[in-house]
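Every number in this text was worked out from the coordinates using simple rules, so none of it is lab data. Keep in mind that what you see is a predicted model, and the values were worked out from it rather than measured. Glycine gets a Cβ as well: all are built from the backbone with ideal geometry, and neighbour counts include every protein chain shown.
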Amino acid sequence: MKSMTGYGRGECLKHNRQFSVEIKAVNHKFNDITIKLPHYLISYEDSIKKFIGQYIYRGKIDIYISFKSFDENDIIIKFNEVIADSFMDTLNKIKNRYGIKEEIKASFISQLPEVVTIEKKLDESFESEIWDGLKTALSYALDEFIKMRRTEGENLKINIIYKLSEISKILEKIEIKAPEIQIEYEKKLRQKLEEKLKSFENIEIDESRLITEVMLFSDKTCIDEEITRLKSHISQMKMIIEENTPIGRKLDFLIQEINREVNTIGSKSNSIEITENIVNMKSEVEKIREQIQNIE
């Protein structure tokens, strides 16, 4: 199980080219990949997304790529003669006008705006070399990134298992208490009827009517089905978190079902003790729901 939050960095120096990659991610409903890279590497964007998509299935992922080339074939130096001639004409006029005898050096001219420009242009013939270096740096960053995700995912897993255990303990208390509710209701109803009938002579409680009333109450407050389904959902969640695949969406669906059953038990409850247990259970369910939002 992996968290959606993570960070990884990788560097690679190959074929006289240096690649640096940073990967950052936070939770997101879908797989949203944003890549920031030099414009001369823009043609590799689709390849990068496909490569990343093999290892990251969900999250808001930001990838930052920087690149340095030490290969002369990747660099084009351009000399703009028109601009240089204009600068020289102007500088000579200044020298003649003010009697300046200082020599105009080439180093000075080359530093003037737009006289000499350096462009990076990656030749298509080196495409395989560039992708080899870039993919290596991506792999290093991914290794670190996935390791961090797994570590955090393992912590989330331990915590979720503990909270599921707490929910099961609370559910056990509710299951023990549930049959007593019908008995308590029958006692209270009988007491009320006896008190009402004290002032009347020769009138007895209609046992069949009392039983019918108790049965109607029992049908309305029966939570056996909800308890069974809740146990099943908890069991399923424990199995799912052991899977070696992206499980965030499965868990998100399942926690909604758990929450629905808990709410139904709460609405049917006619016991203060069960209501208190439901409040505690809902607190644990909400904590799990928040954690699941960060699981891939």
Discussion item. Assuming 0.36 nm per residue, please report the length gained on full extension of the stretch residue 119 to residue 239 beyond their Cα-Cα distance.
Written reply: 37.6 nm
Fill in: Charge context of residue 246, other residues only, Cβ under 13 angstrom, K/R +1, D/E -1
+4
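Suppose R0 equals 41 Å; then what is the FRET efficiency for residue 225 and residue 147 from their Cβ-Cβ distance, rounded to the nearest 0.05?
Details: r = 44 Å, r/R0 = 1.07.
Using R0 = 41 Å, I get an efficiency of 0.40.
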Worksheet entry | Computed lengthening from residue 50 to residue 83, 0.36 nm per intervening residue step minus Cα-Cα distance | 7.4 nm
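In a shell of Cβ-Cβ distance under 12 Å around residue 137, excluding residue 137 itself, what net charge do Lys and Arg (+1) and Asp and Glu (-1) give?
Spelling it out: positives minus negatives among the neighbours equals 0.
What is the extension gain from residue 111 to residue 28, computed as 0.36 nm multiplied by their sequence separation minus the C-alpha to C-alpha distance, in nm to one decimal? Mind dumping the intermediate values first?
Working: separation 83, 0.36 × 83 = 29.88 nm, distance 4.83 nm.
Going from the current span to full extension adds 25.1 nm.
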Fill in: In the stretch 1-55, the trypsin sites (Lys or Arg not before Pro) that fall in loop regions by DSSP, at most 15 other Cβ within 10 Å
29
Worksheet item: Which FRET efficiency value, to the nearest 0.05, is calculated for residue 232 and residue 68 with the Förster distance at 45 angstrom and r the Cβ-Cβ distance?
Response: 0.20
Worksheet item: So what J values fall out for the stretch 24-30 if you push phi through Karplus, 6.51 cos²θ - 1.76 cosθ + 1.60 with θ = phi - 60°, rounded to Hz, Gly and Pro as x?
Response: 10, 8, 10, 6, 7, 5, 10
Worksheet item: How many nm is it between the label spots at residue 39 and residue 96, if each spot is 7 Å from the Cα in line with the beta carbon?
Response: 3.9 nm
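Which FRET efficiency value, to the nearest 0.05, do you get for residue 177 and residue 286 by plugging their Cβ-Cβ distance into 1/(1 + (r/R0)^6) with R0 = 22 Å?
On the way: r = 22 Å, r/R0 = 1.02.
Computed FRET efficiency for residue 177 and residue 286 comes out at 0.45.
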